[in-house]
Structure formats: C-alpha cells, structure tokens
Amino acid sequence: MNTDHWQPSATLETLKKRAAMLAQIRDFFSARDVLEVDVPVLSQAAVCDPYIDSLTVEYRNFPEDTVQHYYLQSSPEYAMKRLLAAGSGCIYQMSKVFRNGEVGSRHNPEFTMLEWYRLGLDDQTLMDEVAALVTKVTGIEHFQRYSYRQLFLQYLNLDINTASDAKLAVKMREQIEVSGEYDRDGWLNLLMSHCIEPQLQGAVFVYHYPASQSALARLTTDADGFSVAARFELFIEGVELANGYHELTDAAEQAKRFAADQQLRSELGLQQRPLELRLVEALKQGLPDCAGVALGVDRLLMLALAKEQIAEVLPFDFSRA
C-alpha cells in the first residue's frame, strides 16, 4: 500500500462534472419511463464467458463456518433478465461491476456499467436510443453504421463468409507477428481488435457479428441470407463503448450456450464456474421480446471530458483503492 496515494485520482472539478452527467443519464431514462433497479453485485453464480474472469469472494455465516464462494458480477445482465421474466417492464441499472485482471488506461477492475433493456425493440432500433443517450452526454451527433462483414471487406479486403481459417491467419500475420494458433473466432477477434478498430473514426456502430460470436443475442439473417448475431457494438475513435443484443429468449439454446462456454473454459485450462441456471429457468417462464445494451459509463465520461486515462474520471482508481 502506497500511503502517498491518499488523494483522489480525479480532480474535484471532474467529480462534480461526473455527478452532473450521472444525473443526466438518470433524467434520460426517467423521461422514457424506464425503471431504475438495483440487483445484487454478489451472486452464487458467475459469468461463464471464457474471456471474462470473475472476482471471487469468501463468505461465512460466522467466523468459524465453512466458506461459501460468491462472485462479484461482471454485469447485472443475468439478474436483470430474471426481473424482466418476472414482469418488470423496461428497466435500467447504473452500478459497479467487477472484472479480474483488467487494469490500464481504459480499464479498472471496479467500474461503472450502465445496462438497460427495452421491450419491443430489436438491436437495430436500440442503436437509435444508444445514440440519443451518447448525444445527450457528449454532444456527438453523427453516427455511422457498418456490418461486421462490411468492415472486413473495407479494411482488409476479406469476405468473412468465404475466407478460410488459414486465410484469416495469413492476413493477421501480414499485419503483426503472432505466435501460436487460434480458432476461427480467435483470428477474427485479433483482426478486428488490431487491424480494424484502431482505424474507426468518429462514432461507429458495428452490427451483425458472426453467429459464432452471438453471446446472449439471438440469431438472425443478413441481406444475403447468412446467419448472423443480432448484436452490435459502439466504438468512438476506435474505443469500445457499448455492446448490445436483441436478446435470446430460448431457454434450451441458452443452456446449450452456457455448456459450450464451460467446455471452452475446460479446454483453455480455466476454472469452472457455477452456471446461472436461474436465468435458464426464467427464460422457460418467458422473457419478453426485448433488446438490451451495456455501456461503460467511465469511458463515456472520459470521452465527454476529453480525458486520456480512466483514473482521471474516478474518485480513486485501482492503484489508490
């Protein structure tokens, strides 16, 4: 512990602006009659995404009792969907979430996430609302939209519907030195993050991700009849700000995807985590047709206040926690 780090990492003036912007966000949803909720950040289950590592907490009913393991949530998604299945209607939450091993200029292990769900919208119409919120907070008014496939054609002259895994690997190795081998999604992710995202200028929505990257989104078909994920991400000056889905409502498919994530975790030598099977049960009861999105609030404030480091918009960043 560095005792010299007693002072906040953000200036007091920035913290006042932060508070005003959080109030703006709440006003945005209040005007749209979206209910604010506050689901737990501690859960008996953890996200099973192989690329997100949950923080584990030891709980005891009394000091000598057997340890029970809980997990600090990386997103309020699972619990919010349980509320949706219970009939909550449109909801949002702005709260702390946690991800292990994520520290840097744009990452803090504890950060603020805004997540909301809108009944009757799909991923395409939800992009409109995301743009409206970002405009309200930052003043940005122009947003571009490209499909994932369009970007690969434009920046890499690759058609992801026809390019082989070997061709993806060759293209990646033409850009930078890469050690090791990856599966198809691994090469696509590397090409996207290293070769395309840094070139995205302004505010850009990327939609129709590959079906294999659907996460908790439902599948749809593009204009050419190919299966794609009903999912989008928003990048501003090449930095990811939001990730949204036309939400999956099929309980059997959700259970299948959870099992696939666990299998991949096993293959990668990662610890198995308890699955959130209560979400599967909630989907069996019926999740209303809806679209949802998660947005990094601290990154949004960095953008609005022209800050280069996430520490500059946090009262105390990880080094001062």
Would you confirm whether any residue within segment 12-27 is surrounded by 13 or more Cβ atoms within 10 Å (Cβ to Cβ), among the small types (Gly, Ala, Ser) and out of contact with any Gly (no Cβ under 6 Å at 6 or more places or on another chain)?
-> no
Of the residues VAL204, VAL178, which single one is more than 30 Å from VAL280 (Cα to Cα), touching a residue at least 60 places away in the same chain (Cβ under 8 Å) and in contact with a Leu (Cβ under 8 Å, 6 or more places away or on another chain)?
-> VAL204
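With the condition kept exactly as written, say whether any residue in segment 77-94 is surrounded by 18 or more Cβ atoms within 10 Å (Cβ to Cβ), farther than 29 Å from VAL228 by Cβ, modelled with pLDDT of 95 or more and out of contact with any Lys or Arg (no Cβ under 6 Å at 6 or more places or on another chain).
As a first pass, look at segment 77-94 and keep what is surrounded by 18 or more Cβ atoms within 10 Å (Cβ to Cβ): 77-85, 90-94.
With farther than 29 Å from VAL228 by Cβ added as a condition, the list becomes 94.
Checking which are modelled with pLDDT of 95 or more leaves us with 94.
Adding the requirement that they be out of contact with any Lys or Arg (no Cβ under 6 Å at 6 or more places or on another chain) leaves 94.
Yes, some residue in segment 77-94 is surrounded by 18 or more Cβ atoms within 10 Å (Cβ to Cβ), farther than 29 Å from VAL228 by Cβ, modelled with pLDDT of 95 or more and out of contact with any Lys or Arg (no Cβ under 6 Å at 6 or more places or on another chain).
Can you name the helices (runs of 4 or more DSSP H) wholly within segment 109-226 that have at least 2 residues being of a type in the set (Asp, Glu)? Spell out how you get there, then give the answer.
Values: elements: 123-138, 148-156, 165-175, 184-191.
Filter on segment 109-226 gives 123-138, 165-175.
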Inspect all residues belonging to segment 243-251 and state whether any of them is β-branched (Val, Ile, Thr), at pLDDT 95 or above and more than 17 Å from the chain's Cα centre (by Cα).
-> yes
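Here are ARG99, ARG106: which of them is surrounded by fewer than 20 Cβ atoms within 10 Å (Cβ to Cβ), among the basic types (Lys, Arg), within 21 Å of PHE316 (Cα to Cα) and within 16 Å of the chain's Cα centre (by Cα)?
On the way: ARG99 fails: surrounded by fewer than 20 Cβ atoms within 10 Å (Cβ to Cβ).
Selected residue: ARG106, the only one of ARG99, ARG106 that is surrounded by fewer than 20 Cβ atoms within 10 Å (Cβ to Cβ), among the basic types (Lys, Arg), within 21 Å of PHE316 (Cα to Cα) and within 16 Å of the chain's Cα centre (by Cα).
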Looking only at residues in segment 291-306 that are surrounded by fewer than 22 Cβ atoms within 10 Å (Cβ to Cβ) and of a type in the set (Gly, Ala, Ser), which one is modelled with the highest pLDDT?
-> ALA294
If only one of LEU279, LEU234, LEU216, LEU287 is buried (at least 17 other Cβ atoms within 10 Å of the Cβ), closer than 22 Å to THR135 by Cα and not basic (Lys, Arg), which one is it?
-> LEU234
If you check every pair at least six apart or on different chains, which have Cβ atoms under 7 Å apart with a residue in segment 84-101 that is at positive phi and part of a loop (DSSP other than H, G, I, E, B) first and a residue that is surrounded by 19 or more Cβ atoms within 10 Å (Cβ to Cβ) and of a type outside the set (A, V, I, L, M, F, W, C) second?
-> GLY101/ASP53
Determine, yes or no, whether VAL67 is without any contact (Cβ under 8 Å) to a residue 24 or more places away in the chain, surrounded by fewer than 16 Cβ atoms within 10 Å (Cβ to Cβ) and farther than 30 Å from PHE226 by Cα.
-> yes
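The values are calculated or read from the model by the stated rules, or taken from the named source; none is laboratory data. What you are looking at is a predicted structure, and each value in this text was computed from that prediction instead of being measured. Here Cβ is always computed from backbone atoms with ideal geometry, including for glycine, and neighbour counts include all displayed protein chains.
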